[in-house]
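Please treat every number below as a calculation from the coordinates, not as lab data. Here the structure is a predicted model, which is why all the values come from computation and not from measurement. Cβ coordinates were reconstructed from backbone atoms using ideal geometry, including for glycine residues, and neighbour counts include every protein chain displayed.
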2 protein chains.
Amino acid sequence: MSTFPLPPGSTIGILGGGQLGRMLALAAARLGFDVVILDPEENSPAGRVAARQIVGAYDDRWSLKRLAEVCDVVTYEFENVPAATVAELTAQGVLVAPGAKALAAAQDRVVEKTFLAEIGVPTVAFAAVETADDLAAAVARIGAPSLLKTRREGYDGKGQAWVQRPADAPASFDRIGQRPAILEAPADFVRELSVIAARGRDGEIACYPLSDNHHEGGVLRRTSAPAKVSSATRDQAEAIAARILTALEYVGVIGVELFELAGGKLLVNEFAPRVHNTGHWTQDGCEVDQFEQHIRAVAGWPLGPTAPRAHVEMTNLLGLEVDAWAKLAAEPETRIHLYGKGEARPGRKMGHVNRLRGLKD
Amino acid sequence: MSTFPLPPGSTIGILGGGQLGRMLALAAARLGFDVVILDPEENSPAGRVAARQIVGAYDDRWSLKRLAEVCDVVTYEFENVPAATVAELTAQGVLVAPGAKALAAAQDRVVEKTFLAEIGVPTVAFAAVETADDLAAAVARIGAPSLLKTRREGYDGKGQAWVQRPADAPASFDRIGQRPAILEAPADFVRELSVIAARGRDGEIACYPLSDNHHEGGVLRRTSAPAKVSSATRDQAEAIAARILTALEYVGVIGVELFELAGGKLLVNEFAPRVHNTGHWTQDGCEVDQFEQHIRAVAGWPLGPTAPRAHVEMTNLLGLEVDAWAKLAAEPETRIHLYGKGEARPGRKMGHVNRLRGLKD
């Protein structure tokens, strides 16, 4: 096992070679670390800025063995890392951060909401659904309209079906393939916020200012940060993040998605045990961004400051929107972050821009 | 030949795999470019954050052919790129920026100072020296003490000898190996400043605020920026930079080292046709740093803003000073940049820190 803090020159493994892995790799390089990417696709966006890429499946034992041999610690850019992968890496003697507990909670919506309820963090009402009978009972308890989601996978609105009236329940269950599911009461929210927070190996916690997020078609379109919120709202969000991080004995950056209700109360929608799209504004809005913060945490370094230095409006560049790069490059207030992806398929996240304003604007 | 501006996904070649190449590669990645490094050493600092490294000598035709095949443009991190290398790459159909004219001037102190004199940029008095007789005549004209330097190579105080009295001249000439040289009058300066400037493919010029530089033993120790200077001094420096950039039909970032005399007049000490150690403060002091600016210029993108957002004190970490990383990581105002070099040999540049203060502090 490695000893922490890891000195510069140590090697950090990252599971996943997409844009989050790429931006983590760039941050690690600034601090003098080497990075090795594991990704099934050759020539991944992150692999092209890393010392090395191992091409293999996330559950391929031989690839994991090679990764463990060269890495002092391993982290990941996506929450669907198989539990067996973490077990295998740990058996090979390399720590994985964030740990198995965070992954288990983040991979299953019922486990996640049950965990949140247990630690006293508010969410919408929910019920586990395995069968059509479960669903009927859940609708009777929670009411309709309500939202049926598969327990596992499903993102950006996929694997979901509304139950508008109790009689619709069987059809909705069919629409998600009768898979194990969760039924959730709809949140009557006025805003979608998120808090990006970090916990170090020594238990230190740091939260960034809140993000105010706008989704379109289930995909993040825009984040404005620091969000205009009362100090009570900010305190509430930070207390929620701290409670989750502590209960999970978490190491790294987490993204916690929040619903703000009319009265100001916050509910947790879900959390992602990784750097988060709604934290991209920190690249140009804070001295230490979420990517360096995550690397600091997993390497056992002290966390960096999270105070804002500018107001940022982050906009995702989806699909062919990236073709506007020349126009964007000419905007003096606009910082451009592109992911090195080849084909600009519709809706694919190709990059983002951070537009800066002074904090007092 | 490539057409400019280069779209994201294009490939930028960099000659040299040291820290400057590494920080250029990281900046290029943020903008969605791929980078290929050419360096004779395997596993170079820059190669470990690039899509690919070609291991070969800078004048190896086969390596240059491979580089030209995969790159849309080529740049470099050091000024001693052989002229034949640029000619070979150009013959292979790939543009090199900054161009041959800038390299030729920067590689030979007599050519450099003659060029500066021709375009009306002030320097110390100087004379070319080929023989002992030349030197005697030069000392008679310029006086003593004066400084004898080899025309080519020599950096950080190497390849230099003082001529304290006319009678010392032959011994000084021996000390620099009787190589072709330049004799320079000493500059009676009060401060060493520098200006980092850029010129785009369309001729646009942008200057960063001046850097105030402190050398020890001929090596840069510390830069403070923006330097406290009068607007007249700043105007003088910007006019000098613009004159050099325009005369060289330059594309990219240049570092111009200046002597500030007691009366406020600036002399050019020398210039480096590349990103510059005295510009590292821009990484945390400006929205677009010198590395992104250089990539923007060579890719034919519009230049970014150069206004300061913070006051920065940059300190080089030489040799074992890098072992203080844990202490430095705990300083909230300190941003750490490490180069991924293995052995911390005495005086070797291992990294730097940028310490931030508000602009009004």
If Lys and Arg each add +1 and Asp and Glu each add -1, what is the summed charge of the other residues whose beta carbon sits under 12 Å from the beta carbon of A:Val70? 0
Pairs of alpha carbons in chain A whose separation is greater than 27 Å (percent): 48 percent
Describe numerically, in nm with one decimal, the distance between label points set 7 Å from Cα along Cα→Cβ at B:Arg348 and at A:Lys101. 4.2 nm
Any idea what diffusion coefficient segment A:125-184 gets from Stokes-Einstein, in µm²/s, Kirkwood Rh on alpha carbon pairs, 20 °C, 1.002 mPa s? 198 µm²/s
Taking the simple approach of a point 7 Å from Cα along Cα-to-Cβ for both A:Ile119 and A:Asp174, what is their distance in nm? 4.0 nm
In angstroms, what radius of gyration and Dmax does segment A:145-277 have, counting Cα atoms only? 16.3, 52
Segment B:63-118: mean projected area of Cα convex hull, nm²: 3.9 nm²
Considering amide H positions built from the backbone, and no H for Pro or chain starts, which residues 5 or more places from A:Arg221, or on another chain, come under 5 Å of its amide H? A:His214, A:His215, A:Glu216
Using only Cα atoms, locate the centre of segment B:184-249 and the centre of segment A:63-81, then give the distance between them in Å, rounded to an integer. 46 Å
Contact order normalised by residue count of chain A, Cα under 8 Å, 6+ apart, percent: 14 percent
Using a 7 Å Cα-to-Cβ projection, B:Ala232 label spacings across copies, nm, ascending: 6.0
Equivalent-ellipsoid semi-axes (√(5λ), Cα gyration tensor) for segment B:189-357, whole Å, largest first? 26, 19, 15
I want the local charge near B:Gly16. Using Cβ-Cβ distances under 11 Å, sum +1 for each Lys or Arg and -1 for each Asp or Glu among the other residues. -2
Restricting things to alpha carbons, tell me how big segment A:11-96 is in terms of Rg and Dmax, in Å. 11.3, 31
Per the Kirkwood formula on distinct C-alpha pairs, the Rh of segment A:97-221 is how many angstrom? 16.1 Å
Using amide H atoms built in the peptide plane, which far-off residues or other-chain residues are under 5 Å from B:Phe4 H to H? none
Chain B, helix-only ellipticity at 222 nm - DSSP H runs n ≥ 4, -39,500 (n - 2.57), divided by all residues, nearest 500: -8000 deg cm²/dmol
Over all residues in A:25-35, what is the mean tally of Cβ atoms on other chains that come within 10 Å of each residue's Cβ? 6
Which residue fluctuates the most in chain A, going by a Gaussian network model with Cα springs under 10 Å, if the choices are A:Trp301, A:Trp62, A:Trp281? A:Trp62
Radius of gyration and Dmax for the protein assembly as shown's Cα atoms, expressed in Å? 28.6, 108
homo-copy label distances at A:Glu249 (7 angstrom along Cα-Cβ), nm, one dp, ascending, are 6.7
Each residue of segment B:214-226 in order: what ³J(HN,Hα) in whole Hz does its phi give by Karplus 6.51 cos²θ - 1.76 cosθ + 1.60, θ = phi - 60°, with x for Gly and Pro? 10, 9, 9, x, x, 10, 4, 9, 8, 10, 10, 8, x
Report the relative contact order of segment B:189-357, percent, no decimals, based on alpha-carbon pairs under 8 angstrom and at least 6 residues apart. 23 percent
For a quick check, take a GNM of chain A with Cα springs below 10 Å and name the residue from A:Ile254, A:Ile240, A:Ile176 with the largest mean-square fluctuation. A:Ile176
If R₀ is 25 angstrom, what is the calculated FRET efficiency for the pair B:Ala330 and A:Thr246, using the beta carbon separation as r and rounding to 0.05? 0.70
